[in-house]
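Please read the structure below before turning to the comments.
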Amino acid sequence: MGLQQYKTLILVIAVVAALFVASPAIEQIVIFPQTDSLTELSIMGPYHNATYPYNIVSNQKTTLYLDVKNHVGSTALYLIDVKFRNQTQSAPDSFNHTSSDQPALGQISFCVANNGTIELPIDISFQYNVEANNETLSMQNIIVNGAPLSTDTTIAWNPDNQGFYGNLFFELYIFNDTTNTFQYNERFVSLWLKMNT
Amino acid sequence: MNQSIFNWRLNLIKVFKVYILTTIVLFVMVFALFVSPVFAQGSSGSTAISLAQINLQSCYKAVKQAEAAGANVDSLMVNLNDAAGLLTKAQLAYASGDYISANSYASQSQSTLAEVTSQAQTLRANALSAKTENSIITLLSVIGSVSILFSGIVAFVVLDRKGRRT
């Protein structure tokens, strides 16, 4: 008999050994589960949670935190436009995936590694005054991280909600290295603020 | 009478001419002294920011290429984000009219980026070299695997035939 009774065992050992030796090659062709390519943008209040500032007083500083999570599959270069508008001016549109026509007051550039997160602290305060007729508020400067950015936005008194309301929002753009341009990433976060006198 | 009025007007025009010329010269001097440096600073700040932006974008591309080649780019991300932070400060300073700070921050951003591209290229070259080694190992493993499998099958067939004969 000799080795003949072990012929099946020899074949099985050969197959197992072949698979073991081929493992570096098999590793190359294994397809890992694909995840959606996307970027998360979120805004946090001064306490790193969803307690956001609402009642604003001129020259009162508050801190916001913008969190950006990169799941696009590679390192990404981003740009955030800081914008401000009153109730009638152009807003970003979630349904049409368009950004606001309002000019950016300032821009924030940063990079995020693949599957990485970055937190951007934004110190912000508003300088404004209310006209003598108490019906219009003139926004003069929005101070972002110590830089006074001038804006000529005026806010009309809202009789329904009894106040002057301004909308601070941040739009996310991602760098496209094929076109060498920043493209609107269809993500924005926004806060409605009541400007108290 | 007419002659005297004419002379008086002529003198008036001459005096005004001197005044107008003096005013123009003074205006040009004031512009040159105070206004044009502001424009010049604004212009140089804008150029520095544009250069820093282009530099950041090209560094980012180099880092992305290194990453695509399989390199670990964590070490480069720190410098890249420091440069991006300085560029943000430059952009905010420029938007607020502080051209001197804008220029300074943009220059600092460029200095920070100076070595990133070369480091990214080195990492990319190392990653590509490692990839080549990996390819050789993969090829050898395929050859080895096929040989083992073939030997196993041959052994099985030979032993099977021997068994039938006996």
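For the reader, a short list of remarks on this structure follows.
- Set of lysines near B:K131 by C-alpha distance (under 18 Å), chain-local residues within fewer than 8 positions excluded: B:K64
- Legend: Rg and Dmax of segment A:151-196, from Cα coordinates, 16.1, 49 Å.
- Rounded to the nearest angstrom and listed largest first, the equivalent-ellipsoid semi-axes of segment A:70-120 from its Cα gyration tensor are 26, 14, 8.
- Peptide B:56-64 has a mean shielding of 4, counted as Cβ atoms of other protein chains within 10 Å of each residue's Cβ.
- Under the Debye formula (equal points on every Cα, no solvent term), log10 I(q)/I(0) of chain B at q = 0.18 Å⁻¹: -1.05
- Proximal lysines to B:K162, defined as alpha-carbon separation beneath 24 angstrom and excluding residues fewer than eight positions away on the same chain: A:K7
- Computed over the protein assembly as shown, the percent of Cα pairs more than 29 Å apart is 61.
- Across segment A:103-182, Cα-Cα pairs farther apart than 21 Å form 48% of the total.
- Peptides ranked, highest mean first, by Cβ atoms within 10 Å: ranges B:59-72, B:5-18: B:59-72, B:5-18
- Helix A:7-21 axis, angle to chain A major axis (alpha carbon atoms, nearest 10°): 30
- Values of log10 I(q)/I(0), in the order q = 0.13, 0.27 Å⁻¹, for segment B:72-142 under a Debye, Cα-only, solvent-free model: -0.52, -1.04
- Helix-only [θ]222 nm of chain A, DSSP H runs n ≥ 4, -39500 (n - 2.57) each, per residue, nearest 500: -3500 deg cm²/dmol
- Under 24 Å from A:K61, Cα to Cα: lysines that are on another chain or at least 8 residues apart: A:K83, A:K194, B:K89
- Of interest is the spacing of the C-alpha centroids, which for segment B:65-110 and segment A:47-69 amounts to 25 Å.
- Positive minus negative residues near A:H48 (Lys, Arg vs Asp, Glu; Cβ under 13 Å): -2
- Shape box of chain A [Cα atoms, principal axes, largest first, Å]: 112, 37, 32
- Here is what passes the span test in chain B: the DSSP H helices with alpha carbon length of 20 Å or more along the helix axis and a Kyte-Doolittle mean of 0.5 or above are B:2-30, B:116-165.
- Its residue count N sets the reference 2.2 N^0.38 Å, and the alpha-carbon radius of gyration of segment A:6-94 equals 2.26 times that reference.
FYI, it's all coordinate maths here, none of it is from the lab. All values reported here derive from a predicted model rather than from experimental measurement. With ideal geometry, Cβ positions are generated from the backbone for all residues, glycine too; neighbour counts draw on all protein chains shown.
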